[in-house]
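Input: a single structure, listed below in structure tokens.
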Amino acid sequence: MPKRNFVTVPLLVALLLTAGQSGAAGNSYYRWIDERGDPVHSDRPPPTGTDYEVISAGSSLKRVVPGDEGAVPAEVKPRVGNDFKQVDTAARKEAAEKNSEFCARAKENLGTLDSAARVRVRDDDTGEFRFLTDEERNAEKAKAEKAVAEYC
């Protein structure tokens, strides 16, 4: 009769449990602003005393955690004390769309295309400079107007 190794079964169970936890943790992460003002995204919580968010990578859910609460598990599963809120993606998208730098660049491009000046561009095929044709100028003007409407 073969000898049974009882250590193997608990070890196998422990490995399976650990693998399951790491797979679940991959669906969410921690996000905070460090002492230099840079955003940090990590699979581990920030230092004690730092306000942060637990973000669900598979949805638009987040949980805001005050720094004095300490580390919370990076899980999205509903339970008492684990309150995730739906992120307002429309407001976030609108804030990204209204970008002053892009707005200024779009207005500058539109001003150049509206002027009487000839616009010179580098040809993609030859690498040489050439002037825009009237059709190309009108197409670029339409793009610039669309960018002004989007970013300003």
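The values are calculated or read from the model by the stated rules, or taken from the named source; none is laboratory data. Everything numeric in this text was worked out from a predicted model, so none of it was measured. Don't worry about glycine lacking a Cβ; one is built from the backbone with ideal geometry, like all the others, and counts go over all protein chains shown.
A few notes on this one:
- Checklist (1) surrounded by 13 or more Cβ atoms within 10 Å (Cβ to Cβ); (2) modelled with pLDDT of 75 or more; (3) outside any strand (DSSP E or B) applied to residue 32, failing item: (3)
- Residue count for the stretch 119-152 under the criterion of being outside any helix (DSSP H, G or I) and either at pLDDT below 90 or in contact with a Lys or Arg (Cβ under 9 Å, 6 or more places away or on another chain) (or both): the result is 15.
- Answer from 68, 83 - the residue that is more than 30 Å from residue 146 (Cβ to Cβ), surrounded by fewer than 13 Cβ atoms within 10 Å (Cβ to Cβ) and modelled with pLDDT of 80 or more: 68
- The stretch 35-56 residues that are among the charged types (D, E, K, R), paired with ones that are in a strand (DSSP E or B) (beta carbon under 6 Å, 6 or more apart): 43/29; 53/31; 53/62; 53/64
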